[in-house]
Amino acid sequence: MTSMKRRTFLKAVAGTAMLPYLNIRANAADDRVLQVGVYNSAQGALIKKVVLPAFEKEYSCRVLTTEGATLANIAALRATKNKPVFSVMSMDDIGVPQAKAEGLIEQLPADEIPNLKNVFDRYLLSDRYGVGFSVSMAGLFINPQVTQPIKSYSEIFESQYAHQMILNTPKNTQSILMLIVAAALATGKPLQEAQYEIDKGWEKLAQLKANVMTVYDGEAQVMMVAQGQAMVGGIEYSKAIYPHTKKGIPLDMTYPKEGAFTGINGLALVKDAPQRELGLAWINRLLEPSVQKMLAEVTLSAPTVRGIDFDEQTLKYLAYPEDKMKALNLFTPDWTYIIPRRAELLEKYNQTFTG
């Protein structure tokens, strides 16, 4: 982001009219410390650099951040459950049901987070125990100079891709998505229905082994496709691919007809939060249209609120607006069904490709 754009953004945020519930009495910043969890990613760094300073100034407070991924952030809440220190925690859609079940977070009060009313229903997570604020798409990726877009997931099982695919590690959530795909192909049912018959996908998934060159566990390895060492990779989140695409590197996402998955970065209000009002204000700020637009333009991940305008250059990377979500057949798994079996499924998945 250029310095001019940053100044414009800060001015826009500072000028946002404060609603009654947000009109928190100003005290010395040292007396008002908000602790939040952010993602250990470029997105988290951007929030710390651009959003946080303006928030501290407006609310006369200090914001302390802890960086981590979903499972680490949930672990931090467990460790402090008896005496909470965090007020807001970042966690993906897969983590919200787990945190809810463990009593670590509370339902978001719609009347105290004004921007919540503009969020698409699909991004209100686990009966509003969490809310998405940034969305990536998940599908396959290719070198468009070498490989044609893949129309159906069934294609990657064909002999033309023998030893030509790099597969995402079983350590990552994306591996569960590939198992859902295998179940859909095995049963002939759409992803939405096939996820509840996930065990019917194992035999189909095993057939993919002949086409897998390697299992990758680092974002740098996606460059194997760009360099022509492999023809296809995935399942992967668009946030790991599109920044390369934008730089002119020959990598692009491809979304088969069965549908694109979502990767939802979310926020949750910690139960018994020590700075509840400030925490609500922080969630509201990240759902502010100006913030949503800035995050989307820089990280190439879609906003979760309605009514934001983007130029065509940016829109081609986003699952936005709603008609594009429908065209992509955008699908979010039912994690409340899958999570209780996650460890078992991932162990069997690992055995399928490394055994």
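The values are calculated or read from the model by the stated rules, or taken from the named source; none is laboratory data. These figures come from a predicted structure and were not determined experimentally. Positions of Cβ are generated from backbone atoms using ideal geometry, with glycine treated the same way; all protein chains shown enter the neighbour counts. Quick note on the areas: whole protein, heavy atoms, side chains included, nothing else; ligands and nucleic acids left out. Shrake-Rupley method; radii C 1.70, N 1.55, O 1.52, S 1.80 Å.
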request  = On a 0 to 90° scale, report how tilted helix 3-14 is relative to the longest principal axis of the chain, with both axes built from alpha carbons and the result rounded to the nearest 10.
outcome  = 60
inquiry  = For region 69-84 and region 259-286, what is the centre-to-centre distance using only Cα atoms, to the nearest Å?
reply    = 14
ask   = Measuring from the lowest to the highest alpha carbon on each principal axis, how far does region 159-292 reach, largest first, in angstroms?
value = 57, 40, 25
task = Given the options Asp121, Asp272, Asp111, state which has the largest fluctuation in a GNM of the chain using a 10 Å cut-off (strictly under) for Cα springs.
result = Asp111
request  = For region 171-215, report the translational diffusion coefficient in µm²/s to the nearest whole number, using Stokes-Einstein at 10 °C, 1.306 mPa s, and a Kirkwood Rh over Cα pairs.
outcome  = 150
ask   = When the dipole is taken about the Cα centre of region 304-355, and only Lys, Arg (+1) and Asp, Glu (-1) are charged at their Cβ, what size is it in debye, to the nearest 20?
value = 220
key: Within region 135-279: Cβ-based charge dipole about Cα centre, in debye rounded to nearest 20 (Lys, Arg +1; Asp, Glu -1)   = 180
ask   = Once you list every other residue whose beta carbon is under 11 Å from the beta carbon of Tyr320, what net charge do they have if Lys and Arg are +1 and Asp and Glu are -1?
value = +1
query = What FRET efficiency do you get for Val146 and Ser41 if R0 is 30 Å and r is their Cβ-Cβ distance, rounded to the nearest 0.05?
reply = 0.55
note = Carbon plus sulfur, as percent of the 1.4 Å-probe accessible area of the chain, comes to 50
inquiry  = Give me the dipole magnitude in Debye, nearest 20, for the chain about the Cα centre, with unit charges on the beta carbon: positive for Lys and Arg, negative for Asp and Glu.
reply    = 700
Hydrodynamic radius by Kirkwood, which averages 1/r over all alpha carbon pairs of the chain, in angstrom = 21.2
query = Percent relative contact order of the chain, based on C-alpha pairs within less than 8 angstrom and at least six residues apart?
reply = 25
note = Stretched fully, the stretch from Lys57 through Lys83 gains (0.36 nm per residue minus C-alpha distance, one decimal, in nm) 6.6 nm
ask   = When each pair of different Cα atoms in region 182-242 is counted once in the 1/r mean, what is the Kirkwood radius in angstroms, to one decimal?
value = 13.3
query = Per 5 Å bin from zero, what fraction in whole % of the C-alpha pairs of region 242-355 is there, up to the bin with the longest pair?
reply = 2, 9, 13, 15, 16, 16, 13, 9, 5, 1, 0
inquiry  = Straight-line reach only, C-alpha to C-alpha below 28 angstrom: list the lysines that Lys271 could link to, leaving out same-chain residues fewer than 8 apart.
reply    = Lys48, Lys49, Lys57, Lys81, Lys83, Lys100, Lys117
request  = Quick one: accessible surface of Ile249, probe radius 1.4 Å, all protein chains present, in square angstrom to the nearest 10.
outcome  = 50
query = Accessible area per residue of the chain at 1.4 Å probe, in Å²?
reply = 43
ask   = How much length is gained on full extension from Gln207 to Ile249, taking 0.36 nm per residue of separation minus their Cα-Cα distance?
value = 12.0 nm
ask   = So how long is each side of region 133-217 along the principal axes, counting just the alpha-carbon atoms, biggest first, in Å?
value = 37, 36, 25
query = So for the chain, taking the charge dipole from beta-carbon charges (+1 Lys/Arg, -1 Asp/Glu), which of Gln207, Ser41, Cys61 sits furthest toward the positive end?
reply = Cys61
query = Based on the Cβ-Cβ distance of Arg342 and Lys117, what FRET efficiency does E = 1/(1 + (r/R0)^6) give at R0 = 25 Å, to the nearest 0.05?
reply = 0.15
Lys316/Glu158 FRET efficiency (R0 35 Å; Cβ-Cβ; nearest 0.05) = 0.80
